[in-house]
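As structure tokens, the structure follows; a few thoughts come after it.
The values are calculated or read from the model by the stated rules, or taken from the named source; none is laboratory data. Computed from a predicted structure; not experimentally measured. Here the Cβ positions follow ideal geometry from the backbone for every residue, glycine too, while neighbour counts run over all protein chains shown.
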Amino acid sequence: MASDLKRSLTISGHRTSLSLEPEFWQALQLAAARRKITIATLVAEIDQARGKRNLSSAVRVFLLAEAQRSL
């Protein structure tokens, strides 16, 4: 099984790192491309709506909801 990939992003004016499995990075890239925005912009939107979840979990939950809407 592939290990998590950690990437650095600038969101809301500050640098942060995000650790996700390669499959989630691919899904995040596709979700951003569908919206015609950058991954950093999409992650910033997820960050603003995440409540008390950590950012990686919030991204995964967002992507799950996206997949469920496609069914």
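Quick one: which of Leu20, Leu64 is modelled with pLDDT of 95 or more and either exposed (fewer than 11 other Cβ atoms within 10 Å of the Cβ) or in contact with a strand residue (DSSP E or B) (Cβ under 8 Å, 6 or more places away or on another chain) (or both)?
Working: Leu64 fails: either exposed (fewer than 11 other Cβ atoms within 10 Å of the Cβ) or in contact with a strand residue (DSSP E or B) (Cβ under 8 Å, 6 or more places away or on another chain) (or both).
Result: Leu20 is the single residue among Leu20, Leu64 that is modelled with pLDDT of 95 or more and either exposed (fewer than 11 other Cβ atoms within 10 Å of the Cβ) or in contact with a strand residue (DSSP E or B) (Cβ under 8 Å, 6 or more places away or on another chain) (or both).
Could you please tell me which pairs satisfy a Cβ distance under 7 Å, a separation of 6+ or placement on different chains, a first residue in segment 31-53 that is farther than 20 Å from Ser8 by Cβ, and a second residue that is buried (at least 17 other Cβ atoms within 10 Å of the Cβ)?
Close Cβ pairs (under 7 Å, with a partner that is buried (at least 17 other Cβ atoms within 10 Å of the Cβ)) amount to Arg35/Leu42.
Looking at the structure I just gave you, is Leu55 of a type outside the set (Gly, Ala, Ser), surrounded by 15 or more Cβ atoms within 10 Å (Cβ to Cβ), modelled with pLDDT of 95 or more and within 21 Å of Gln68 (Cβ to Cβ)?
Numbers: of a type outside the set (Gly, Ala, Ser): yes; surrounded by 15 or more Cβ atoms within 10 Å (Cβ to Cβ): yes; modelled with pLDDT of 95 or more: yes; within 21 Å of Gln68 (Cβ to Cβ): yes.
So Leu55 fits the description; yes.
Ser3 versus (1) closer than 19 Å to Glu66 by Cβ; (2) touching an Asp or Glu at 6+ places or on another chain (Cβ under 9 Å): which is the lone unmet condition?
Of everything listed in (1) closer than 19 Å to Glu66 by Cβ; (2) touching an Asp or Glu at 6+ places or on another chain (Cβ under 9 Å), Ser3 misses just condition (1).
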